[in-house]
1. Only residues that are free of Cβ contacts under 8 Å to residues at least 40 places away in the same chain and part of a loop (DSSP other than H, G, I, E, B): list them for the stretch 2-24, please.
2. With at pLDDT 85 or above and either loosely packed, with under 10 Cβ neighbours inside 10 Å or in a loop (DSSP other than H, G, I, E, B) (or both) as the only criterion, which of Val45, Val58 stands out?
3. Being open to solvent by less than 100 Å² (accessible area, probe 1.4 Å) and modelled with pLDDT of 85 or more, is that true of even one residue in the stretch 66-76?
4. Take Leu15 and decide whether it is farther than 20 Å from Val75 by Cβ, of a type in the set (A, V, I, L, M) and open to solvent by 80 Å² or more (accessible area, probe 1.4 Å).
5. For the stretch 35-50, how many residues meet the condition of being under 12 Å from Gly3 (Cα atoms) and out of contact with any Leu (no Cβ under 7 Å at 6 or more places or on another chain)?
6. Hey, can you tell me all the residues within the stretch 33-42 that are of a type outside the set (A, V, I, L, M), open to solvent by less than 80 Å² (accessible area, probe 1.4 Å) and either touching a Pro at 6+ places or on another chain (Cβ under 7 Å) or in a strand (DSSP E or B) (or both)?
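The values are calculated or read from the model by the stated rules, or taken from the named source; none is laboratory data. Since the structure is predicted, the reported quantities are computational estimates derived from the model, not experimental observations. As a convention, Cβ positions derive from the backbone with ideal geometry for all residues, glycine included, and neighbour counts pool all protein chains shown. SASA here: full protein model, heavy atoms, side chains in, ligands and nucleic acids out. Shrake-Rupley method; radii C 1.70, N 1.55, O 1.52, S 1.80 Å.
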Amino acid sequence: MPGLYSLSSWESLPLKSSRVKACANGYSLSITAHLVYTNPSQEPVEGIFIYPLEESEVVAGFEAAVGSRRVTFHVQNRHRAQDCC
């Protein structure tokens, strides 16, 4: 199941809100999702985001925001992405 999970317990964190925008262009489909999760615990949680893909699907970019911190990843070249990951 897609979503944000706590690494310590593997329990899913509650999804507070979501907004999805899609754009089709020929055989390509671009999806932008804005997902807001809540932490029911008083303590900070280390999490992992899981979004399973089909064999023919790819992620070209990803951005996550936690408080004022942002983490961004953009695939510019498939071979460079394979080298670093």
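1. Scanning the stretch 2-24 gives Ser8, Ser9, Trp10, Glu11, Leu13, Pro14.
2. The conditions single out Val45.
3. At the first step, the residues of the stretch 66-76 found to be open to solvent by less than 100 Å² (accessible area, probe 1.4 Å) are 67, 71-73, 75.
Then drop every residue that is not modelled with pLDDT of 85 or more, which leaves 71-72.
Within the stretch 66-76, one or more residues are open to solvent by less than 100 Å² (accessible area, probe 1.4 Å) and modelled with pLDDT of 85 or more.
4. So Leu15 passes the test.
5. 2
6. Tyr37, Thr38
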